[in-house]
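Participant: Below: one structure in structure tokens.
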Amino acid sequence: MNTLYDVAAPGKLNLFLHITGRRADGYHLLQSAFALIDWCDTLHFELRSDDRISREDLTLGLPADDLIVRAAKALQVSTGTRQGVHIGVLKRIPTQAGMGGGSSDAASCLLALNRLWKLQLTLPELARIGMSLGADVPFFLAGRNAWVEGVGEHIVPIDLAESFYLVAKPPQGLSTAAIFADPALKRDTTTATIAGFAKDQLHFGHNDLQPVAQRLCAGVTEGLAWLASQGLQGRMTGSGSAVFAGSPICFEASNAPPGFEQRWCQGLATHPLLGWAAGQDLPVRSN
């Protein structure tokens, strides 16, 4: 087997996250601004001579049927291809952090295999497969920072000001399902607008999941207190447990609490694999 692709799978931050309602089927209606960041996993793809899908964990051990394997299998089933792949996973994005690491891995897997297997699927075709894997997968496939609504299916590209983010992940993780099932969760936040968000991208809105998460995980509160000690206004990303604060500049931050993963991240204007789906526009660059 020859290595054909080494690809990045970037994490994301929810700059805010509002729950505006709930559908009859139980799914929550959300509004959020998703920001791509340079805290990335790396996936290595090697074409196999058979139709098997195999995975090698190069750092953290992952579940046998994780989102990467499920994405590859879903692509095989959807297209009927008899090609196989061996995937090496260099995991860096913390798990159970609200940073979208699993969804990003799945999206990068779909994009890479679409090329490796020469399937020529378009972005809408890949997004339909991605949505069956997780609500955040279509965002990572689309390849740009975005205003996201509904259950994750309504994605509008947006421009974000160039920013840095100090991110801190406590040693404890959080269950997304447990937070959304909590009866204390606020589910009726007033609908926001992109124009309102644009007036103050770093401090707009709030995260409706954060109060429940703080009750379930003391590390969320501890992380927010640490960010405040650095002179920053922090909030939780996604369903946590990672917290972050935006800043126009980086500075030397004092040590985070014991057991925390902490680093400065830079926002990305576009996904590293933007343009890998058939017919997808490449970013327009000005001189």
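Participant: When segment 56-87 is examined, which residues are found to be charged (D, E, K, R) and over 21 Å from the mean Cα position of the chain (by Cα)?
Facilitator: Scanning segment 56-87 gives 56, 82.
Participant: What's the number of the condition residue 197 fails, among (1) farther than 17 Å from residue 14 by Cα; (2) at pLDDT 95 or above?
Facilitator: Only one criterion in (1) farther than 17 Å from residue 14 by Cα; (2) at pLDDT 95 or above is unmet by residue 197, namely (1).
Participant: Taking the stated definitions as given, is residue 214 outside any strand (DSSP E or B), surrounded by 14 or more Cβ atoms within 10 Å (Cβ to Cβ), free of Cβ contacts under 8 Å to residues at least 24 places away in the same chain and outside the structural domain of residue 141 (by TED's automatic domain parsing)?
Facilitator: Against the criterion (outside any strand (DSSP E or B), surrounded by 14 or more Cβ atoms within 10 Å (Cβ to Cβ), free of Cβ contacts under 8 Å to residues at least 24 places away in the same chain and outside the structural domain of residue 141 (by TED's automatic domain parsing)), residue 214 qualifies.
Participant: For residues that are in contact with a helix residue (DSSP H, G or I) (Cβ under 8 Å, 6 or more places away or on another chain) and farther than 30 Å from residue 157 by Cα, scanning just segment 32-81, find the one that is modelled with the lowest pLDDT.
Facilitator: Ranking the qualifying residues of segment 32-81, first place goes to 62.
Participant: Could you grab me the full set of residues in segment 73-117 that are hydrophobic (A, V, I, L, M, F, W, C), in contact with a strand residue (DSSP E or B) (Cβ under 8 Å, 6 or more places away or on another chain) and either buried (at least 24 other Cβ atoms within 10 Å of the Cβ) or under 30 Å from residue 243 (Cβ atoms) (or both)?
Facilitator: Correct list: 85, 89, 90, 93, 97, 99, 107, 109, 111, 112, 113.
Participant: Can you name every one of the strands (runs of 3 or more DSSP E) wholly within segment 131-196 that holds 2 or more residues which are out of contact with any Asp or Glu (no Cβ under 7 Å at 6 or more places or on another chain), buried (at least 17 other Cβ atoms within 10 Å of the Cβ) and on the phi < 0 side of the Ramachandran plot?
Facilitator: It comes to 146-150, 164-169.
The values are calculated or read from the model by the stated rules, or taken from the named source; none is laboratory data. Every value quoted in this text rests on a predicted model; they were computed, and no experiment measured them. Please note: Cβ atoms are built from the backbone with ideal geometry, for glycine as well, and neighbour counts cover all protein chains shown.
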